[in-house]
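A.B. asks: Quick one: this structure, given as structure tokens, is what I'll be asking you about.
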Amino acid sequence: MRPLWLLAALPLLALPLIGSGSTWLTLTIAGLAMGLIIFIIASGLTLVFGLMDVLNFGHGVFIALGAFMATTVLGAMSSFTETPHLGANLFAVAVACSAGMAVAGAVGLLFERVLVRPAYGLHLKQILITMGGMIIGEELLKVVWGAQMIPLPLPEGLRGSLLLGEAAVEKFRIVAVLTGLAVLLALLWLLNRTKLGLLIRAGVQDREMVESLGYRVRRLFVAVFVGGSALAGLGGVMWGLYQQGVTPQIGAQVNVLIFIVIIIGGLGSTVGCLVGALLVGLLANYTGFLAPKLALFSNIGLMVAVLMWRPQGLYPLGQR
Amino acid sequence: MHSSFSLKNLLSHDLPRSRWLALLLSLSVLGLALLPFIFPSTKALNVAAKVLVFIVLVASYDLLLGYTGIVSFAHTMFFGIGAYGIAIASSRMGAGWPALATGWAAGLALSLLLSLVIGLFSLRVKAIFFAMITLAVASAFLTLASQLSDFTGGEDGLNFKLPAALQASTEYLEEPLLGVTIDGRLLSYYLLFFAVLGLVLLLLRIVNSPFGRVLQAIRENEFRAEAIGYRTVVYRTLSNVLAALFASSAGALLAIWLRYAGPDTAMSFEIMLDILLIVVIGGMGTIYGAVLGSLVFVLAQNYLQDLLRLGEGALQGVPVLSQLVSPDRWLLWLGILFVLAVYHFPSGIVGRLRLAAALRAHQQTATSAEVSSS
């Protein structure tokens, strides 16, 4: 449980450095929001790796796909996004999220079938082929949405900040935190408390045994891949809104961040992924305030430090 | 007889082993050697210089990926270090050979240090971890290069001057030779050509040495290589360091040719993708693959766009299709080619040609055995 202790220590350490309590609260909530968005994206990747032993370098495509879907959906629902009515705004965001998840999941199905399936168990081939998938996907995105940046403004009611005491908290960050927590709880529940989760975990442990009991592990794994892609799509919608703009390169940029997170977390562990994402989010916001020049390297520094301490990440999967 | 022996030695006994491959390689080398006299245009010369630089860059990456089985995404970092080494030294010390030598040496030194550190990391982590870590380190380094604008010129990069002997204004002959002015630019091209030739022969020597064999053993089965008694950690680190040093030299050559170094030309992620594409298309685990792959790729990069422009013109007005064949989307077609190559031609151009030659030889021995037995 020591890594969790680390997560609590970071904000406490930052408090005296920052000095002002309200600034600290603002930064902490911003960090948590960023961390939870990253968690949504990274959880899909770590799930696919942890369960199927597939490292998908093309994960970024699904992120970008989600973000682009958000521009299309929110653009089409302008009557819902341009009123200050919070319910209508949230409805529009929910529709964008569902559309992003659905499309990313569907493309994920295709991606798994065409590219990944022939490369199961071959790491080098997987890396190369998913990399190729990313090149193709990024170019196809440019064909559909163009190569330019598309602005993605927040809906009217989600702009601006709330005042918690003296600390200003941007409204969208609260939405991000709540979404991230919902995804976390849903994942933990699905994997640990349902029969589906039981089968998935059993399929990882001993695939042949589960198959001989009459379950089709192959289909379960395809479902996991689709789920992972859909999570990337959801994360892409949130990340696009967070950045308030979408470029075709967004996937590749986020990919680097995601890799750092799952390396810190221990590659394959959901809890590790959460801790890694929150550490990255918090640290990025604290260093962004304290030493802006250093912020660009805070992730790398964090990764190196964690790997020095625990070469297999914070929560390594035992059997691999 | 004697001359064939010396060629064999020069190629470190790693002969093409296929008549077609030998022919293509000779044509490539001859073409690159005589290019300024065959196609005396500036564009052709620039394309050829890019091919030369990529040959070394890709061959050095193949030492890692093809021979040792290490996937690294930090190769452009070393390429960039080499390029910036030349650029920074030349712009600080003034144009001249000492600046080039200092910049080259400094680039090599920094590459050595960094690759050693990254290599030491690789003993602590698994293959997939290593790939991701190198990706993160390379992106951080790219950020560093564009942030330290006092030193590296930021996003704009650095323009600098070459020693007088290599400048285009320096003419060596009063009359053009065979219609080509013999100037510093031509000398630069041949400097590149012979440097690349030397570096490739050196790489051939490395991969065909006992050391190279151990790298291949590690690629095939690391556990067994360790069990035989090789310290695989040492070999993998050395492979990392050597690849970095060669990449750094390739970067230095690029900077000398362009008289410029910048983040996009020397360090961007697109170049890393190019390298991967070329290694796979040319053939992993063969230095010759880097030669043919670079040639095919750079030619495609420069002339496929013209071809696509024709296609776009033909399909003008058709909504999605004309977008798909737009010259801006040439990477899409290379990506598809890449995926097809990984699945259907995993051994690349060189592997295919060698396989075909081996099959033919096999058939011939089989038929001659039949003839002799009957």
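The values are calculated or read from the model by the stated rules, or taken from the named source; none is laboratory data. Computed from a prediction, not measured in an experiment: that's the story for all the values here. Ideal geometry is used to build each Cβ from the backbone, glycine not excepted, and the neighbour counts take in all protein chains shown. Side chains included, ligands, DNA and RNA excluded: accessible areas come from the protein's heavy atoms. Shrake-Rupley method; radii C 1.70, N 1.55, O 1.52, S 1.80 Å.
A.B. asks: Would you give the gap between the C-alpha center of the range A:1-77 and the C-alpha center of the range A:165-230, rounded to a whole Å?
C.D. replies: 16
A.B. asks: Here is a further query. At a probe of 1.4 Å, how much accessible area disappears from chains A and B on forming the pair, both sides counted, to the nearest 100 Å²?
C.D. replies: 3700
A.B. asks: Taking the Cα-to-Cβ direction at B:Ala109 and at B:Val29 and moving 7 Å from each Cα, how far apart do the two end points lie in nm?
C.D. replies: 3.5
A.B. asks: Quick check: the distance between the Cα centres of the range B:83-110 and the range B:235-277, to the nearest angstrom?
C.D. replies: What the calculation gives is 15 Å, centre to centre.
A.B. asks: Heavy atoms of the protein only, probe of 1.4 Å, neighbouring chains included. What is the accessible area of A:Tyr315 in Å², nearest 10?
C.D. replies: It works out to around 40 Å².
A.B. asks: Mind putting together the pair-distance distribution for the range B:1-85? All Cα pairs, 5 Å bins, whole percent per bin, short to long.
C.D. replies: Once binned at 5 Å, the Cα pair distances of the range B:1-85 give 3, 11, 14, 18, 17, 17, 14, 5, 1, 0.
A.B. asks: When only C-alpha pairs under 8 Å and at least 6 residues apart count, what is the relative contact order of the range B:44-287, in percent?
C.D. replies: 43
A.B. asks: Follow-up. Give me the base-10 log of I(q)/I(0) for the protein assembly as shown at each q in 0.05, 0.07, 0.09, 0.10 Å⁻¹, Debye formula, one uniform scatterer per Cα, rounded to two decimals.
C.D. replies: -0.27, -0.53, -0.86, -1.04
A.B. asks: Taking the alpha-carbon set of chain A, what are its Rg and Dmax in Å?
C.D. replies: Answer for chain A, Rg first and Dmax second: 19.5, 61 Å.
A.B. asks: Follow-up. Once label points are set 7 Å from the Cα along Cα→Cβ at both B:Tyr343 and A:Asn192, what is their separation, rounded to one decimal in nm?
C.D. replies: Rounded to a tenth, the inter-label distance reads 3.9 nm.
A.B. asks: What residue among B:Gly31, B:Gly103, B:Gly262 shows peak mean-square fluctuation when chain B is described by a Gaussian network model with Cα springs under 10 Å?
C.D. replies: Fluctuation is largest for B:Gly31.
A.B. asks: Take the alpha carbon gyration tensor of the range B:78-233, find the square roots of its eigenvalues, order them as a ≥ b ≥ c, and report rounded if a/c is under 1.5; if not, report prolate when a/b exceeds b/c, else oblate.
C.D. replies: Cα axes put the range B:78-233 in the oblate bin.
A.B. asks: May I ask which residue of B:Ile218, B:Gly179, B:Val241 lies farthest towards the positive end of the charge dipole of the range B:171-259, with charges of +1 (Lys, Arg) and -1 (Asp, Glu) on Cβ and the Cα centre as origin?
C.D. replies: B:Ile218
A.B. asks: What average number of partner chain Cβ atoms lie no more than 10 Å from the Cβ of the residues making up B:323-334?
C.D. replies: Other-chain Cβ atoms within 10 Å of each residue's Cβ, averaged: 3.
A.B. asks: As a test question: what accessible area, to the nearest 10 Å², does B:Glu171 have when a 1.4 Å probe is rolled over all protein chains in place?
C.D. replies: Approximately 110 Å² of B:Glu171 is accessible to the 1.4 Å probe.
A.B. asks: Can you list the DSSP H helices in chain A whose Cα atoms extend at least 18 Å along the helix axis and whose mean Kyte-Doolittle hydropathy is 0.5 or higher?
C.D. replies: The qualifying helices are A:2-18, A:21-52, A:59-76, A:86-111, A:123-145, A:171-193, A:217-243, A:250-265, A:270-290, A:292-309.
A.B. asks: Here is a further query. Which whole number gives the average, over all residues in A:296-309, of C-beta atoms from other chains lying within 10 Å of the residue C-beta?
C.D. replies: Averaged over the peptide's residues, the number is 3.
A.B. asks: Put +1 on the Cβ of every Lys and Arg and -1 on every Asp and Glu Cβ in the range B:44-287; which of B:Ile287, B:Ala252, B:Ile206 then has its Cα farthest towards the positive end of the dipole?
C.D. replies: B:Ile206
A.B. asks: Rank A:His59, B:His344, A:His123 by accessible area, highest first, at a 1.4 Å probe radius?
C.D. replies: Heavy-atom accessible area, descending, gives B:His344, A:His123, A:His59.
A.B. asks: Listed highest first by mean packing, meaning other Cβ atoms within 10 Å per residue, what order do A:72-83, B:136-147 come in?
C.D. replies: B:136-147, A:72-83
A.B. asks: Once you have a ≥ b ≥ c as the square roots of the Cα gyration tensor eigenvalues for the range B:289-365, tell me rounded if a/c is under 1.5, and otherwise prolate or oblate according to whether a/b is larger than b/c.
C.D. replies: Prolate, since a/c reaches 1.5 and a/b exceeds b/c.
A.B. asks: About the Cα centre of chain A, how large is the charge dipole given +1 on each Lys and Arg Cβ and -1 on each Asp and Glu Cβ? Please answer in debye to the nearest 20.
C.D. replies: Charge dipole, chain A, about its Cα centre: 620 debye, nearest 20.
A.B. asks: Would you mind computing, in nm to one decimal, how far apart the modelled labels at B:Ala44 and A:Leu178 are, each placed 7 Å from Cα along Cα→Cβ?
C.D. replies: Distance between label points: 6.8 nm.
A.B. asks: A:Arg310: accessible area at probe 1.4 Å, nearest 10 Å²?
C.D. replies: 60
A.B. asks: Quick one: order A:Asp206, A:Asp53, B:Asp156 from most to least accessible surface, probe 1.4 Å.
C.D. replies: Ranked list, largest accessible area first: B:Asp156, A:Asp206, A:Asp53.
A.B. asks: Next question, about the same structure. For the range A:37-115, how big is the tail of P(r) above 18 Å, as a whole percent of Cα pairs?
C.D. replies: In whole percent, the share of Cα-Cα pairs in the range A:37-115 beyond 18 Å is 48.
A.B. asks: Something else now. Relative contact order for chain A: what percent, with Cα pairs under 8 Å and sequence separation of 6 or more?
C.D. replies: Relative contact order, chain A: 35 percent.
A.B. asks: A follow-up question, please. Using +1 at the Cβ of each Lys and Arg and -1 at the Cβ of each Asp and Glu in the protein assembly as shown, identify which of A:Ala88, B:Asn9, A:Ser20 lies farthest towards the dipole's positive end.
C.D. replies: Result: B:Asn9.
A.B. asks: Could you give the dipole magnitude of the protein assembly as shown about its Cα centre, charging the beta-carbon of Lys and Arg +1 and that of Asp and Glu -1, in debye to the nearest 20?
C.D. replies: Rounded to the nearest 20 debye, it is 1640 debye.
A.B. asks: If you put +1 on each Lys and Arg Cβ and -1 on each Asp and Glu Cβ, how big is the dipole of the range B:44-287 around its Cα centre, in Debye rounded to 20?
C.D. replies: That gives a dipole near 840 debye.
A.B. asks: For the range B:128-224, what's the relative contact order in percent, using C-alpha pairs closer than 8 Å and at least 6 residues apart?
C.D. replies: Computed over the range B:128-224, the figure is 12 percent.
A.B. asks: In terms of solvent-accessible area of protein heavy atoms at a 1.4 angstrom probe, what is the ranking of B:Arg185, A:Arg207, highest value first?
C.D. replies: The most accessible residue leads, giving A:Arg207, B:Arg185.
A.B. asks: So with the 1.4 Å probe, I'd like the accessible area per residue for the protein assembly as shown, rounded to whole Å².
C.D. replies: So the protein assembly as shown comes to 44 Å² accessible per residue, rounded to a whole number.
A.B. asks: Give the long-range amide H neighbours of B:Asp183: residues separated by 5 or more places, or on another chain, with amide H under 5 Å away, using H modelled in the peptide plane at 1.01 Å from N.
C.D. replies: Placed amide hydrogens put B:Tyr172 under 5 Å from B:Asp183.
A.B. asks: In the Gaussian network model of chain B, springs joining C-alpha atoms below 10 Å, which of B:Leu307, B:Leu192, B:Leu321 carries the largest mean-square fluctuation?
C.D. replies: Of the options given, B:Leu321 has the highest mean-square fluctuation.
A.B. asks: Of the residues B:Ala357, B:Ala109, B:Ala74, which exhibits the maximal mean-square fluctuation in a Gaussian network model of chain B defined by a 10 Å Cα contact cut-off?
C.D. replies: Judging by the Gaussian network model, the answer is B:Ala357.
A.B. asks: Rounded to the nearest 0.05, what FRET efficiency is calculated for A:Ser79 and A:Leu110 with R0 set to 41 Å and r the Cβ-Cβ distance?
C.D. replies: With a Förster radius of 41 Å, E is 0.80.
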